[in-house]
Amino acid sequence: ASGQYLEDDQYIVHYSAFNASMLTPQVAKAYDLNRSRQRGVLSIAVQRKQPEGPPVPVMAQLKGFTGQLGGSEIPLKFQLVEEGKAIYYLAQFLIDDGETLDFDVKIRPTPEYPPMALSFSQIFFEE
């Protein structure tokens, strides 16, 4: 997963989208995800910056959609994954070979925090 991220003065949001065939069987089984080549996965992790030391993983509220430009928006259903100290969210979606999908996700580390807007496009291949 490449190191793509979004940040403001308080939080860092790490994200990556990849083919579901890259999921480990353990993660797929634990979170009831499908390792099909016709599916993609969006992974999002939110960290709070600290005055001293490395950022700390935090939970967040995520609401988002995927879809093709001008096409219908498909809501993303995020699942919380906790592994040791790590906290991240996974959402699955369908892909077609060579398809470019747009993603729009609003991330709120706390209910009062103004949502951080994550928008990106990515091309997928059935590997």
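Values in this text are rule-based calculations from the coordinates and carry no lab data. All values reported here derive from a predicted model rather than from experimental measurement.
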- Task: Relative to the compact-globule scaling 2.2 N^0.38 Å, provide the ratio for the alpha-carbon radius of gyration of region 48-87.
- Result: 1.71
- Here D for the chain, in µm²/s, from Stokes-Einstein with a Kirkwood Rh over Cα pairs at 4 °C and 1.567 mPa s, works out to 85
- Query: Which of the lysines could be linked to Lys63 by a straight reach, that is with a Cα gap under 19 Å, when you skip same-chain ones fewer than 8 residues away?
  - Reply: Lys77, Lys106
- Please tell me the relative contact order of region 2-85 in percent, rounded to the nearest whole number, where contacts are Cα pairs under 8 Å and at least six residues apart. 22
- Determine the equivalent ellipsoid of region 1-67 by diagonalising the alpha-carbon gyration tensor, then write out the semi-axes as square roots of 5 times the eigenvalues, largest first, rounded to whole Å. 27, 13, 11
- Note on the structure: Mean separation of Cα contacts under 8 Å (at least 6 apart) over the residue count of region 42-127, i.e. the relative contact order in percent, is 28
- Pick from Gly67, Gly40, Gly98: which is most flexible by mean-square fluctuation in a GNM of the chain where alpha carbon atoms under 10 Å apart are linked? Gly98
